[in-house]
1. How many residues are part of a helix (DSSP H, G or I) and either within 12 Å of Val230 (Cβ to Cβ) or modelled with pLDDT under 95 (or both) if we restrict to region 293-307?
2. Give me the pairs, please: first residue somewhere in region 141-153 and farther than 17 Å from Val172 by Cβ, second residue anywhere and acidic (Asp, Glu) and at pLDDT below 75, beta-carbon distance under 8 Å, and either six or more positions apart or on two chains.
3. Can you tell which of Leu89, Leu181, Leu113, Leu84 is touching a Cys at 6+ places or on another chain (Cβ under 8 Å) and not hydroxyl-bearing (Ser, Thr, Tyr)?
4. Enumerate the pairs (first residue in region 41-55 and modelled with pLDDT of 90 or more; second residue anywhere and surrounded by fewer than 16 Cβ atoms within 10 Å (Cβ to Cβ) and of a type in the set (A, V, I, L, M, F, W, C)) with beta-carbon separation below 8 Å, excluding pairs fewer than 6 apart on the same chain, so at least 6 apart or on different chains.
5. Cβ contacts < 6 Å: first residue more than 16 Å from Gly36 (Cα to Cα), restricted to region 355-367; second residue of a type in the set (S, T, N, Q) and modelled with pLDDT of 95 or more, any location; separation 6+ or different chain. Result?
6. I'd like the full set of residues that are surrounded by fewer than 24 Cβ atoms within 10 Å (Cβ to Cβ) and among the polar types (S, T, N, Q), limited to region 318-370.
7. Do we have Gly143 as touching a Ser or Thr at 6+ places or on another chain (Cβ under 9 Å), modelled with pLDDT under 85 and among the small types (Gly, Ala, Ser) here?
8. Tell me which residues, restricted to region 219-249, are within 15 Å of Ala302 (Cα to Cα) and either of a type in the set (Asp, Glu) or in contact with a His (Cβ under 9 Å, 6 or more places away or on another chain) (or both).
Amino acid sequence: MANADQITSASSRIPAAAYALCLCVGLIGANSLALGPIAPRVAASFGCDVPAVMSASAAFGIGTAASALLLAGLIDRFGPGRVLRAALLLLIAALAASAAAPALPAFIAAQLLAGLAAGLALPSIYTLAALAAPAGRESDTLGVVLFGWTLSMVAGVSLSAVIADMFGWRMVYGVVVVAGLAAAAGSTTLTASGATPTGRAQSPLSALRVPGIALLLCACAAFMAAFYGVYAYVGDHLHRALGLPVSAGGLLALCYGLGFGATAFLDRWIDRFGPARLLPAFFMAVCGIYLLMAAAAGSYVALLAVAFGWGMANHAALNVLIVRLAALDPGRRGAIMGLNSGVTYLALFAGTTGFGPVYARSGFAALAILAAALTLAAILAAALAPRGRVTS
């Protein structure tokens with residue numbers, strides 16, 4: 001009996017692969033989120049304004065979306081572990097090109113290349129996480145992987161603003177290159193247990209036929225556009241409207257990251273209560289956070305407190321959303337994760353470009369209200385999505 005208990009305990013333990021995948025997510029997050037806080041420094045270096053610099057973030061989003069939608073089928077052909085390693089090497093090259101960019105067009109091109117790499121890496125990461133997760137601990141395992149976003153916020157984004165103030169923005173990408181080399185080294189042992197390459201590439205678009213996926217992807221698009229649209233300009237709001245140094249954006253990112261990480265201990269309860277039941281409620285919490293953010297736009301201290309809650313609510317909603325998508329059709333999990341990544345980064349493009357004119361015309365509080373409206377659409381889509389094929 002003791003031996004049986006030990007075997008059961010070992011089989012339900014979160015695998016070591018989840019922690020390696022966490023580091024990979026942290027690398028991608030550091031690149032995709034670091035530009036917001038340091039955008040004023042980059043703009044000054046290139047002699048342009050912040051919205052022009054944020055077009056590099058939009059290029060990253062377009063590259064990620066295109067890669068995820070058009071190339072993620074390579075995951076099924078060659079296996080997620082091999083594709084992840086190749087994508088990480090391409091991402092490191094793009095980060096080095098970003099650090100060395102002599103002008104804004106070159107910087108935008110480097111970020112586009114980084115997006116192409118991320119569009120292959122993220123579906124591979126989520127596929128490996130779903131395959132490695134023990135039965136009944138899907139959300140718990142994914143929570144460890146998603147903690148990489150906390151790493152990118154706490155150890156990456158928050159420090160990037162300080163590094164930019166002290167050593168210049170190019171040093172930020174130099175540091176991320178070093179982190180990328182560590183992530184690539186850690187990925188060499190990753191395998192997908194229970195998954196073998198099929199020898200053929202299946203288009204992620206084929207997964208659009210899976211029942212329930214359209215509504216969940218609509219929820220994903222609204223949720224992510226709201227996040228990236230607000231995040232892209234909060235650093236500039238602190239710098240210009242509140243008269244704070246660039247490093248103030250780093251502290252806000254730190255509060256967000258701590259909130260994002262603090263929610264990880266609740267992931268086991270998601271498996272207990274079921275993701276389908278919880279997703280609309282978590283989106284509702286995110287909507288409330290944006291309304292609070294609009295009210296707190298004039299106070300830095302209040303925004304720091306709201307940012308912590310923003311991180312908590314976003315972690316819970318993102319975890320449940322990915323678990324729901326991955327459970328729709330395990331046989332097409334790679335294609336579904338490709339669609340998820342594609343929609344996420346199309347939303348990044350829509351958020352950064354669409355929110356820019358609103359920010360320039362009406363200020364930061366208007367962005368938070370617009371984000372709340374988008375999140376209402378996510379609530380509706382999640383509530384209407386069928387639950388039948390989703391496992392808890």
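1. Qualifying residue count for the region: 5.
2. Close Cβ pairs (under 8 Å, with a partner that is acidic (Asp, Glu) and at pLDDT below 75) amount to Leu142/Asp267; Gly143/Asp267.
3. Just a single option satisfies the conditions, and that option is Leu84.
4. Final answer for the pair search is Phe46/Ala103.
5. none
6. Thr353, Ser362
7. Spelling it out, Gly143 is indeed touching a Ser or Thr at 6+ places or on another chain (Cβ under 9 Å), modelled with pLDDT under 85 and among the small types (Gly, Ala, Ser).
8. Correct list: Ala248, Gly249.
The values are calculated or read from the model by the stated rules, or taken from the named source; none is laboratory data. Source: prediction; values computed, not measured. Every residue, glycine among them, receives a Cβ derived from its backbone with ideal geometry; neighbour counts consider all protein chains shown.
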